[in-house]
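One structure is given below, encoded as structure tokens.
The values are calculated or read from the model by the stated rules, or taken from the named source; none is laboratory data. Bear in mind that the values here come from a model prediction, so they are computed numbers and not experimental data. Cβ sites come from the backbone with ideal geometry, for glycine too, and all protein chains shown count toward neighbours.
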Amino acid sequence: MARRLDGAGASLLAAPTVLGLYLHIPFCDAICNYCNFNRGLFDAGLKRRYLDALSLEIASYEDAGRVDSVFFGGGTPSVLEPSDVSGLIARCRSSFDVDPAAEITLEMNPETASRERLDGYRAAGVTRLSLGVQSFRDEELRRLGRLHTADRAIEAFGLARAAGFDDISIDLMAWLPAQTVPHWIESVETLVDLGPDHASLYLLELYPNAPLKEEMARGGWSQAPDDTAAEMYHAGLDRLGAAGYRQYEISNVARPGRRSRHNLKYWSDGAWVGFGCGAHSTRDGRRWHNVSETGRYIDRVSGGTSPVASCRTLSAEERLTDMLFLGLHLSEGIDLTAIERRYDVNVWARWGCELAPFVEGGVLAREGNRLRLTRDGMLLANEVMRVFV
Ligand code: SF4
């Protein structure tokens, strides 16, 4: 499709002047026991006031520009009615120059899917769904406190296809409590059988006070050793590769032409503006984020005060290290020549001594003007990236 970024000859360096918009929807029908995102329980009255504030914040944004992606993230954006989503998209279109063929993604939890709702999202202008499946095994979903079952996730995918969505991503999580490699591969196989256009594979990370930790102690479940997590990562990517998916980022694979335009902006020195509580933005060398608490956000915006909690101008050094840090997430890595042209810095001359051992150890690969993490290196990305910070 012509509107994709990754067509033949397209550069991974997104044009900084074309924006992505991120809209944060902080509501969920239940709180999962491993989640530390900015979210809370759904409340109809709060939702109404929040959407009014969100719409007002978008309308009040000065210096609007061209936009080629809009992303509804959360929380659970699919708790919104199609009319809510339609109103927000219309607000984006009236405030920004949104490409008629923009990628408009909505994150959906399987338990919220119905044909009527999906038809409504399509009619509202949503072009892409990101389904938060996490596992196709019921006992794993129960341990995570998820509301859906494996069958419900499969049904949701079928309903989305029947509603005409031809660009669907599925999220899966590995390294779950008591999960074995065969269990994990069973979920990956089910995903492959469904045939989404894109998939995101994450390893479960337990934050210090996650309620899941207590449940794991009570249930006698544990996560497999680190080596097994690495085995899960490789086995999942191998299976997806054999099924025709191409890895383009540490955690993301896609069919040809189906990479996420919006998410590519995060890794390729792009620009985006976030709206809603806790939303982050990066544009023209500045970075800012909104207050994270929902009520405070609503009060600020509806009271005519900016919701921005902090804003700063990045130094040239910070922009460069961000570009290196984020660009190395991509399978294609970074273009050392393009970076030298843009930032007047020879990466190898500056950091070669620290990077060379990673190349010798097979963690990084240097090929012509490109530097990239190897598949093994992707599991050690944080160690490599510490070189730049
Ligand atoms: S549905 Fe998603 S955002 Fe909401 S609590 Fe669960 S993991 Fe967190």
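Within region 145-174, track down each residue that is within 14 Å of the ligand (Cβ to nearest atom) and either touching a Phe, Trp or Tyr at 6+ places or on another chain (Cβ under 6 Å) or not assigned by TED's automatic domain parsing to the domain that holds LEU194 (or both). Of everything in region 145-174, just one residue is within 14 Å of the ligand (Cβ to nearest atom) and either touching a Phe, Trp or Tyr at 6+ places or on another chain (Cβ under 6 Å) or not assigned by TED's automatic domain parsing to the domain that holds LEU194 (or both), namely MET173.
Evaluation of ARG49 against the conditions (1) charged (D, E, K, R); (2) modelled with pLDDT of 95 or more; (3) closer than 19 Å to TRP267 by Cα shows that the sole unmet condition is (3).
Look at region 196-208: where a residue is in the same structural domain as VAL133 (by TED's automatic domain parsing) and a partner is among the aromatic types (Phe, Trp, Tyr) and part of a loop (DSSP other than H, G, I, E, B), sitting 6+ places away or on another chain with Cβ atoms under 7 Å, you get ALA199/TYR245; LEU203/TRP175; LEU204/TYR34; LEU204/TRP175; LEU206/TYR34.
Which fully enclosed strands (runs of 3 or more DSSP E) of region 20-137 have 1 or more residues being within 16 Å of the ligand (Cβ to nearest atom) and within 26 Å of SER302 (Cβ to Cβ)?
Working: elements: 66-74, 97-108, 128-134.
Filter on region 20-137 gives 66-74, 97-108.
Every residue, every condition in (1) of a type in the set (Ser, Thr, Tyr); (2) under 30 Å from ASP284 (Cβ atoms), yes or no:
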site	(1), (2)
LYS47	no, no
ASP52	no, yes
SER60	yes, yes
ALA64	no, yes
GLY75	no, yes
ASP99	no, yes
ALA102	no, yes
LEU106	no, yes
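Apart from one condition, ALA153 fits all of (1) part of a helix (DSSP H, G or I); (2) over 22 Å from the mean Cα position of the chain (by Cα); the exception is (2).
Counting just the residues of region 156-182 that are over 21 Å from the mean Cα position of the chain (by Cα) and surrounded by 19 or more Cβ atoms within 10 Å (Cβ to Cβ), which one comes out nearest to ASN33 (Cα to Cα)? Among them, the one singled out is PRO177.
What strands (runs of 3 or more DSSP E) completely inside region 169-272 contain at least 1 residues that are β-branched (Val, Ile, Thr) and over 24 Å from ILE31 (Cα atoms)?
Values: elements: 198-203, 246-249, 252-254.
Answer list for region 169-272: 252-254.
Remark: pairs (first residue in region 55-82, at positive phi; second residue within 12 Å of the ligand (Cβ to nearest atom); Cβ separation under 7 Å; 6+ apart in sequence or on different chains) = GLY75/HIS24; GLY75/ILE25; GLY75/PRO26; GLY75/PHE27; GLY75/CYS28; GLY75/PHE37; GLY75/ARG39.
For (1) among the β-branched types (Val, Ile, Thr); (2) touching a strand residue (DSSP E or B) at 6+ places or on another chain (Cβ under 7 Å); (3) surrounded by 16 or more Cβ atoms within 10 Å (Cβ to Cβ); (4) at negative phi, each residue gets a yes or a no:
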{"residue": "GLY303", "(1), (2), (3), (4)": "no, no, no, yes"}
{"residue": "LEU326", "(1), (2), (3), (4)": "no, no, yes, yes"}
{"residue": "HIS329", "(1), (2), (3), (4)": "no, yes, yes, yes"}
{"residue": "GLY333", "(1), (2), (3), (4)": "no, yes, yes, no"}
{"residue": "ARG341", "(1), (2), (3), (4)": "no, no, no, yes"}
{"residue": "ALA356", "(1), (2), (3), (4)": "no, no, no, yes"}
{"residue": "ALA365", "(1), (2), (3), (4)": "no, yes, no, yes"}
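For region 280-290, does any single residue satisfy the condition of being closer than 26 Å to VAL384 by Cα and buried (at least 20 other Cβ atoms within 10 Å of the Cβ)? Looking through region 280-290, at least one residue is closer than 26 Å to VAL384 by Cα and buried (at least 20 other Cβ atoms within 10 Å of the Cβ).
Which residue is farthest from VAL67 (Cα to Cα), if the candidates are limited to region 95-144 and must be basic (Lys, Arg) and touching a Leu at 6+ places or on another chain (Cβ under 8 Å)?
Residues of region 95-144 basic (Lys, Arg): 115, 117, 122, 128, 137, 142-143.
Restricting the remaining residues to those that are touching a Leu at 6+ places or on another chain (Cβ under 8 Å) gives 115, 128, 143.
Values: ARG115: 29, ARG128: 16, ARG143: 40 Å.
It comes out as ARG143.
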